[in-house]
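Engineer: Just dropping this structure here.
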Amino acid sequence: MHYVSTRATSASAARNPQLFSDILLGGLAPDGGLYLPADYPQVTGAELDAWRKLSYAELAYEILRKFATDIPDADLKALTARTYTPEVYRNARAGESAADITPLRTLEQGEGGTLVLQALSNGPTLAFKDMAMQLLGNLFEYALAKNNEELNIFGATSGDTGSAAEYAMRGKRGVRVFMLSPHKKMSAFQTAQMFSLQDPNIFNIAVEGVFDDCQDLVKAVSNDLSFKARHKIGTVNSINWARVVAQVVYYFRGYLAATTSNEQKVSFTVPSGNFGNICAGHIARMMGLPIDKLVVATNENDVLDEFFRTGVYRVRKSAETFHTSSPSMDISKASNFERFVYELVGRDPERTHALFRKVELEGGFDLSGALGSDGDEFKDVAKYGFLSGRSTHADRLATIRDVADDYGITIDTHTADGIKVAREHMTPGVTMIVLETALAAKFNETILEALGTDAERPAGFENIEALPQRFVVMPPDVARMKAYIAEHTGL
Ligand SMILES: *Cc1c(COP(=O)(O)O)cnc(C)c1O
């Protein structure tokens, strides 16, 4: 299995194709593109039948070995077994089994179709990012030890990504995490999740500024290539290929758990921001998993909904990005979207590059086929099963109330966006699986607004805000940031 860049040109082709281990620790390809498999491995009906009996960890092994062909099978088996255990996914609620890792719960079964929730948020930080990040932690430790290397992960977070990365990397040999967050801007719960970690390889840096200041600092430090190389700086953002591929597994798991024969199809609705999660669904579908529709659900930041309705991709400026009650979907552009556009334009790297150069220069492109547009490939989107919808704060409140009244469970705000949009795309005879991307406890302010009561907290999180916190406060100053990193990497 080899990987190519979505922007590979003849000049960069010499550095392509790559193996899984070559791209594991990196982000963008050197040409600025994203990595994808040169061909998607195909899954047969016989394999699907055999996989129905597997545990989540065994299924993850079977799928990952198709992509990580340069990691010995025995090592991969041990890594997946260690990652997907009920001890890690222990925040299962009443009516769910932790052993299922991503348990399914049927909400509605009627003439209008069957609506099912797949819980992806029972891991250590109560959000779906654990599903991939926990594997990444184990893969990184394995790969670094093999080559006797070190890695210093440097990133910025406004919430879910930072805590998922820290919980995945805590205590891992060869890895340090330097995570910037805007000082006093995260919720008390999210702050406590990150800052209560006492592991010596985790460094929380509260920046006196907003999230954009944190991102600017990451960019400034990463643009200093000699500093970056000397201090072995890397990232774990959502474009990392290993994160995407780890997410492919739960689409298979959801399908196999919701069906009894490979003749049946299911659809998925995915609360989306950077298009990482649903991109994994697209890959599962390309591998031959019988997925009918892939429904992109956005909040008021509807860049993706606009594209899937009109064929126009129009990124927003930071000032035009709304701060919503489903904050992990508050994006101005979708960093994984290039992976799908590459497919849509017939895997043409030159055209992909030109379209995304246009995004940088002019803020977007138009594939609607209208006069003066950049192409007409929007007509082919339906072939890939994509549909979309949008949800607002009022929709979230109404959906959280509805689901609590009708089914007696409290869903989080992102999942509420998913259910609202899923209901607009139900088909009789096709099970609709909504991916639950976080637990309600993480976004309690909105739960309180919707229901008038607090969201239930999983065991162990009751007093998290009272735990001692370990962090430093710093002004948004590049030189000070570099000095801090240098002091703590000792390189
Ligand atoms: C990150 C996140 C999303 C968005 O996922 P993408 O892969 O960026 O599309 C949705 N919901 C929650 C809770 C998240 O943390």
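Engineer: Sort through Thr106, Thr191, Thr114 and tell me the only one that's more than 17 Å from the chain's Cα centre (by Cα), away from the ligand (no atom under 15 Å from the Cβ), hydroxyl-bearing (Ser, Thr, Tyr) and surrounded by 22 or more Cβ atoms within 10 Å (Cβ to Cβ).
Structural biologist: Within the list Thr106, Thr191, Thr114, the selection yields Thr191.
Engineer: Looking only at strands (runs of 3 or more DSSP E) that fall completely inside the stretch 375-491, which ones have 1 or more residues that are within 30 Å of Arg173 (Cβ to Cβ)? Give the derivation first.
Structural biologist: Details: elements: 386-390, 431-436, 472-474.
Of the strands (runs of 3 or more DSSP E) lying wholly inside the stretch 375-491, those with at least 1 residues that are within 30 Å of Arg173 (Cβ to Cβ) span 472-474.
Engineer: Looking only at the stretch 201-219, which residues are surrounded by fewer than 22 Cβ atoms within 10 Å (Cβ to Cβ) and outside any strand (DSSP E or B)?
Structural biologist: Matches in the stretch 201-219: Asn201, Glu208, Gly209, Val210, Phe211, Asp212, Asp213, Gln215, Asp216, Val218, Lys219.
Engineer: Please specify each residue of the stretch 68-96 satisfying the condition of being in a helix (DSSP H, G or I) and closer than 27 Å to Leu126 by Cα. Before the answer, list the steps.
Structural biologist: Within the stretch 68-96, the first condition is being in a helix (DSSP H, G or I), and the residues that meet it are 73-83.
Those that are in a helix (DSSP H, G or I) and closer than 27 Å to Leu126 by Cα: Leu76, Lys77, Ala78, Leu79, Thr80, Ala81, Arg82, Thr83.
Engineer: As an exercise: evaluate Gly137 against (1) of a type outside the set (Lys, Arg); (2) within 16 Å of the ligand (Cβ to nearest atom); (3) within 13 Å of Val236 (Cα to Cα) and give the number of the one condition it does not meet.
Structural biologist: Going through (1) of a type outside the set (Lys, Arg); (2) within 16 Å of the ligand (Cβ to nearest atom); (3) within 13 Å of Val236 (Cα to Cα) one by one, Gly137 breaks only (2).
Engineer: Right, something else. Which of the residues that make up the stretch 395-435 are out of contact with any Phe, Trp or Tyr (no Cβ under 7 Å at 6 or more places or on another chain), within 16 Å of the ligand (Cβ to nearest atom) and polar (S, T, N, Q)?
Structural biologist: Thr399, Thr410, Thr415
Engineer: Quick test for you: out of Ser222, Ser238, Ser226, pick the one residue that is assigned to a helix (DSSP H, G or I), in contact (Cβ under 8 Å) with a residue 24 or more places away in the chain and either farther than 27 Å from Gln109 by Cβ or more than 16 Å from the ligand (Cβ to nearest atom) (or both).
Structural biologist: It is Ser222.
Engineer: Now for a different question. Residues to consider are Leu448, Leu491; find the one that is in contact with a helix residue (DSSP H, G or I) (Cβ under 8 Å, 6 or more places away or on another chain) and not small (Gly, Ala, Ser).
Structural biologist: Leu491
Engineer: Sticking with this one: I'm trying to understand the selection: among the residues of the stretch 93-126, which are within 20 Å of Phe443 (Cα to Cα), in contact with a strand residue (DSSP E or B) (Cβ under 7 Å, 6 or more places away or on another chain) and of a type in the set (S, T, N, Q)?
Structural biologist: Result: Gln118, Ser121.
Engineer: Now for a separate question. Counting only residues that are touching an Asp or Glu at 6+ places or on another chain (Cβ under 6 Å) and of a type outside the set (Phe, Trp, Tyr), how many does the stretch 353-387 have?
Structural biologist: 5
For (1) surrounded by 20 or more Cβ atoms within 10 Å (Cβ to Cβ); (2) touching a Ser or Thr at 6+ places or on another chain (Cβ under 7 Å); (3) of a type in the set (S, T, N, Q), each residue gets a yes or a no:
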| site | (1), (2), (3) |
| --- | --- |
| Phe365 | yes, no, no |
| Gly372 | no, no, no |
| Asp406 | no, no, no |
| Ala416 | yes, yes, no |
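Engineer: For the list (1) within 16 Å of the ligand (Cβ to nearest atom); (2) aliphatic (A, V, I, L, M); (3) in contact (Cβ under 8 Å) with a residue 60 or more places away in the chain, I need the number of the one condition that Val315 fails.
Structural biologist: With (1) within 16 Å of the ligand (Cβ to nearest atom); (2) aliphatic (A, V, I, L, M); (3) in contact (Cβ under 8 Å) with a residue 60 or more places away in the chain applied to Val315, the lone miss is (3).
Engineer: Name the single residue, out of those in the stretch 277-328 being part of a helix (DSSP H, G or I), modelled with pLDDT under 95 and not charged (D, E, K, R), that is surrounded by the most Cβ atoms within 10 Å (Cβ to Cβ). If you could, list the steps in order and put the result at the bottom.
Structural biologist: Taking the stretch 277-328 as the starting set, the residues that turn out to be part of a helix (DSSP H, G or I) are 277-286, 303-310, 318-320, 327-328.
Remaining after also requiring modelled with pLDDT under 95: 318-320, 327-328.
From what is left, the residues that are not charged (D, E, K, R) are 318-319, 327-328.
On the way: Ser318: 10, Ala319: 7, Pro327: 22, Ser328: 24.
Across the stretch 277-328, the extreme among qualifying residues is Ser328.
Engineer: Same structure, new question: Would you mention how many residues in the stretch 256-281 are in contact with a helix residue (DSSP H, G or I) (Cβ under 8 Å, 6 or more places away or on another chain), more than 10 Å from the ligand (Cβ to nearest atom) and under 17 Å from Ala422 (Cα atoms)?
Structural biologist: 5
Engineer: Going through the stretch 154-174 one residue at a time, which ones are outside any helix (DSSP H, G or I), surrounded by 23 or more Cβ atoms within 10 Å (Cβ to Cβ) and away from the ligand (no atom under 16 Å from the Cβ)?
Structural biologist: Answer for the stretch 154-174, where residues must be outside any helix (DSSP H, G or I), surrounded by 23 or more Cβ atoms within 10 Å (Cβ to Cβ) and away from the ligand (no atom under 16 Å from the Cβ): just Phe154.
Engineer: For residues that are over 21 Å from His282 (Cα atoms), at pLDDT 95 or above and in a loop (DSSP other than H, G, I, E, B), tally how many sit in the stretch 26-54.
Structural biologist: Matching residues across the stretch 26-54 total 2.
Engineer: Check whether at least one residue in the stretch 118-136 is within 18 Å of the chain's Cα centre (by Cα), of a type in the set (Ser, Thr, Tyr) and in a helix (DSSP H, G or I), and report yes or no.
Structural biologist: Of the stretch 118-136, the ones within 18 Å of the chain's Cα centre (by Cα) are 118-136.
Among the residues that remain, those that are also of a type in the set (Ser, Thr, Tyr) are: 121, 125.
Narrowing the set further to residues that are in a helix (DSSP H, G or I) leaves none.
No, the stretch 118-136 contains no residue that is within 18 Å of the chain's Cα centre (by Cα), of a type in the set (Ser, Thr, Tyr) and in a helix (DSSP H, G or I).
Engineer: OK, next. Residue check: is Thr83 of a type in the set (S, T, N, Q), at pLDDT 95 or above and either crowded, with 17+ Cβ neighbours inside 10 Å or in contact with a Leu (Cβ under 9 Å, 6 or more places away or on another chain) (or both)?
Structural biologist: Considered against the rule, which asks whether it is of a type in the set (S, T, N, Q), at pLDDT 95 or above and either crowded, with 17+ Cβ neighbours inside 10 Å or in contact with a Leu (Cβ under 9 Å, 6 or more places away or on another chain) (or both), Thr83 comes out as yes.
Engineer: Scan the stretch 239-259 and tell me whether some residue there is modelled with pLDDT of 95 or more, among the polar types (S, T, N, Q) and surrounded by fewer than 19 Cβ atoms within 10 Å (Cβ to Cβ).
Structural biologist: Yes, because at least one residue in the stretch 239-259 is modelled with pLDDT of 95 or more, among the polar types (S, T, N, Q) and surrounded by fewer than 19 Cβ atoms within 10 Å (Cβ to Cβ).
Engineer: Right, another one. Return the only residue of Thr324, Thr298, Thr352 being away from the ligand (no atom under 14 Å from the Cβ) and either farther than 24 Å from Val434 by Cβ or among the β-branched types (Val, Ile, Thr) (or both).
Structural biologist: Exactly one residue qualifies, and that residue is Thr352.
The values are calculated or read from the model by the stated rules, or taken from the named source; none is laboratory data. For clarity, every value in this text was computed on a predicted model and none was experimentally measured. A quick note on method: Cβ atoms are made from the backbone with ideal geometry, for glycine too, and the neighbour counts reach across all protein chains shown.
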